[in-house]
Amino acid sequence: MRTSQLYAPTLRETPAEAEVISHKLMLRAGMIRKAAGGLYTYLPLAWRTLRKIMQIVREEMDAAGGQEIAMPIVQPAEIWQETGRWSVYGDEMFRVNDRHGRNFCLGPTHEEMVTTLIRDEVRSYKQLPLLLYQIQNKYRDEIRPRFGLMRGREFIMKDLYSFDKDQAGMDESYKKMYDAYWRIFDRIGLKFRPVEADNGAIGGGHSHEFTVLADAGESNIVYCDKCDYAASDEKAELLPLTAEQEEMQPLAKVSTPEAHTIELLVDFLKCDIKHTIKAVAFQTEEDEVVLAFVRGDHDVNEVKVINAIGAIDLHMAEDAAIREVGGMPGFMSPIGIKKGTKILVDTTVMNMYNAVSGANEADMHYTGVNPSRDFDKNEIIVTDIRLIKDGDPCPRCGGTVHMTRGIEAGQVFTLGTKYSKSLHATYLDEQGKEQLLMMGCYGIGVSRTMAAAIEQCNDKDGIIWPRSIAPYEVVVVPVNAKVPEQLALAEEIYEELKKAGVDTIIDDRKERAGVKFKDCDLIGYPLRITVGPKAVENDTIELKVRKNGETAEAGKAEVVAKALEMLKDL
């Protein structure tokens, strides 16, 4: 490819709409252009990178026994209604009607579609296991599309679905995909961590997120400094913390005017925040009130609350709803709440002595609260509902966990019979008995992986592509394309590199050298070969690595071999 023919309209200024690094650099490097909120056109450079990511994914899926198919993007509502997810996805699902008034959606995912396919085709255990995958566009009507390709309304995804006859088979398929994902992200050349994760709206059991480490990541992940434990902060399980044993004081009610937050309470009573109990009130999608209580210096993990009560979604409770169950906004505790109300108390809270909690009266708190004595154990659910923090003990080995940020680029799930049961997908076992299929699903955000790579691999000058997914591996730059000798030599090197199987582009534009070099750095070609006056005068050609600025020189006869040598480490 010649840069003079390449459609890559680079920008010197960053568009105001761009927030994160990947969005800024893809716009500036002429890789994408916005069509509407959350919708982008991929220009040639971006599409080349996406194709390379897809090729790596395809090779690893095929090597693991996957078979590629293509399912409809437009899906009938009936199959989603059978699983109950037509309502679960809510406004995030793009819904359309055909000319006959029938309901369809643009697929945000394909569990229902693939399960009905297999339900109608697979009859015997002899046809199992099956691993079917596709790479296609997905659609989710994000309430607030942002961060360019990181959270768009249309995106490219690889989704594979496994079908097995039993738990052992499902676990084996899960292990195959886990290992394949590890190889994919390793081949792409990214720093990543597989972390234990929550299944969310997909449902099912075991799950890992493959998280690309990056400061701009939306996910908080924790990892242990002693063992290999790693998890998203939403999923991380926590051991209850113990408190130093004290003689239990009597429960007493004290006036705390205007102390309706933990911070104000601590300031008013001059007490240790670790001796306070924080309350957070939610309502479910059916407006049922759920009260959650954690130690004052901890935060409630909303995902754990949802999982503990089997809710679909939660929102913050209205004051009137809190009062209706006997609570007082800003001054709540489990003591005196209306029977039958869902009350969740974190396991650490139950170990506290002589704590301070709300008294369910305006401007009043209890002191001397001993949850093991004062909370009605028949009316509360004691479970882990707190959000993990940097420095917490590791739930596996007791070491210390640390927090970092990352971008979820892939996730693997075991689904069990969640979809096969609701969609009646069965097979006949060795004894001729009907059994439910055991399933797993495995997704990689292809377009998101491209954005994540840029978030991790960049500097002040632009993108630094890993060689495996760079739109071009090498750029050959004649310093002055108006000088016939320079251009001819550059063309010769360009042709030799292509013959050697190197993905190469030549910047044959009659632009100033500084403009060309800036574009090379912005776009992020892994290796630049510069053909300048020295190349013509004394056979000295410069090679420069984008990642670390390392340079080398070679003559015309050796330059291709030198380029191949330098590319090995990129």
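The values are calculated or read from the model by the stated rules, or taken from the named source; none is laboratory data. Everything numeric in this text was worked out from a predicted model, so none of it was measured. Glycine also receives a Cβ, built like all others from the backbone with ideal geometry; neighbour counts cover every protein chain displayed. Ligands, DNA and RNA are stripped out before the accessible areas are found, and what is left, the full protein with its side chains, is counted by its heavy atoms. Shrake-Rupley method; radii C 1.70, N 1.55, O 1.52, S 1.80 Å.
Screening the range 320-383 for strands (runs of 3 or more DSSP E) wholly inside it with 2 or more residues that are in contact with a Gly (Cβ under 9 Å, 6 or more places away or on another chain) and over 18 Å from Ile262 (Cα atoms) returns no ranges.
Confirm whether Trp80 is touching a strand residue (DSSP E or B) at 6+ places or on another chain (Cβ under 9 Å), farther than 22 Å from Gly189 by Cα and surrounded by 19 or more Cβ atoms within 10 Å (Cβ to Cβ). Yes: the conditions hold for Trp80.
Consider the range 292-319. How many of its residues are over 15 Å from Ala281 (Cβ atoms), in a loop (DSSP other than H, G, I, E, B) and hydrophobic (A, V, I, L, M, F, W, C)? Total satisfying the criteria: 1. In the set (1) over 29 Å from Asp233 (Cβ atoms); (2) modelled with pLDDT of 95 or more, the condition left unmet by Asp297 is number (1).
Inside the range 531-570, residues that are in contact with a helix residue (DSSP H, G or I) (Cβ under 8 Å, 6 or more places away or on another chain), within 18 Å of Glu473 (Cα to Cα) and β-branched (Val, Ile, Thr) make up a count of 5. Listed by first and then second residue, the pairs with beta-carbon distance under 6 Å, at least 6 apart or on different chains, first residue in the range 501-512 and farther than 10 Å from Ser4 by Cβ, second among the acidic types (Asp, Glu) and not in a strand (DSSP E or B), are Val502/Glu473; Asp503/Glu473. Within the range 367-395, residues that are within 22 Å of Glu237 (Cα to Cα) reach partners that are outside any strand (DSSP E or B) and open to solvent by 50 Å² or more (accessible area, probe 1.4 Å) with beta carbons closer than 7 Å, at six or more positions or on different chains, in the pairs Asp384/Glu237; Arg386/Asp299; Leu387/Asp299; Pro393/Leu239; Cys394/Lys226; Pro395/Glu237; Pro395/Leu239.
Could you list, in sequence order, the residues of the range 357-393 that are of a type in the set (Gly, Ala, Ser), touching a Ser or Thr at 6+ places or on another chain (Cβ under 9 Å) and under 16 Å from Leu344 (Cα atoms)? Of everything in the range 357-393, those that are of a type in the set (Gly, Ala, Ser), touching a Ser or Thr at 6+ places or on another chain (Cβ under 9 Å) and under 16 Å from Leu344 (Cα atoms) turn out to be Ser357, Gly358. How many residues does the range 62-77 contain that are assigned to a strand (DSSP E or B) and open to solvent by 70 Å² or more (accessible area, probe 1.4 Å)? Of the residues in that region, 3 qualify.
Sub-7 Å Cβ pairs linking a first residue in the range 417-442 that is without any contact (Cβ under 8 Å) to a residue 40 or more places away in the chain to a second residue that is surrounded by fewer than 23 Cβ atoms within 10 Å (Cβ to Cβ) and assigned to a strand (DSSP E or B), at least 6 apart or interchain, are Thr417/Leu436; Lys421/Leu436; Glu434/Thr426; Glu434/Leu428; Leu436/Thr426, ordered by first then second residue. Select from the range 9-19 the residues that are open to solvent by 20 Å² or more (accessible area, probe 1.4 Å) and in contact (Cβ under 8 Å) with a residue 60 or more places away in the chain and write down the one among them that is nearest to Arg144 (Cα to Cα). Going through the qualifying residues, I end up with Glu19. For residues in the range 214-232 being in a loop (DSSP other than H, G, I, E, B) and under 12 Å from the mean Cα position of the chain (by Cα), which is nearest to Asp384 (Cα to Cα)? Step by step, filter the range 214-232, then rank; the result is Glu218.
The set of residues from the range 521-570 being in a helix (DSSP H, G or I), aliphatic (A, V, I, L, M) and under 30 Å from Arg187 (Cβ atoms) comprises Leu522, Ile523, Val559, Val560, Ala561, Ala563, Leu564, Met566, Leu567. When Val356 is tested against (1) open to solvent by 20 Å² or more (accessible area, probe 1.4 Å); (2) at pLDDT 95 or above, only condition (1) is not met.
Does Glu59 meet the test of being more than 30 Å from Arg2 (Cα to Cα), out of contact with any Ser or Thr (no Cβ under 9 Å at 6 or more places or on another chain) and open to solvent by 50 Å² or more (accessible area, probe 1.4 Å)? Against the criterion (more than 30 Å from Arg2 (Cα to Cα), out of contact with any Ser or Thr (no Cβ under 9 Å at 6 or more places or on another chain) and open to solvent by 50 Å² or more (accessible area, probe 1.4 Å)), Glu59 does not qualify. Of all the numbered requirements in (1) open to solvent by 50 Å² or more (accessible area, probe 1.4 Å); (2) part of a helix (DSSP H, G or I); (3) acidic (Asp, Glu), Glu121 misses one, and that requirement is (2).
Can you spot a residue in the range 28-51 that is farther than 30 Å from Pro478 by Cα, among the polar types (S, T, N, Q), in contact (Cβ under 8 Å) with a residue 12 or more places away in the chain and out of contact with any His (no Cβ under 7 Å at 6 or more places or on another chain)? No - not one qualifying residue is present in the range 28-51. The lone criterion from (1) assigned to a helix (DSSP H, G or I); (2) of a type in the set (Lys, Arg); (3) farther than 29 Å from Trp182 by Cα left unmet by Arg51 is number (3).
Taken over the range 176-195, the criterion of being modelled with pLDDT under 95 and more than 12 Å from the chain's Cα centre (by Cα) is satisfied by Lys191 alone.
Of the residues making up the range 430-446, those that are in contact with a helix residue (DSSP H, G or I) (Cβ under 7 Å, 6 or more places away or on another chain) and either at pLDDT below 95 or not charged (D, E, K, R) (or both) are Leu436, Leu437, Met438, Met439, Gly440, Cys441, Tyr442, Ile444, Val446.
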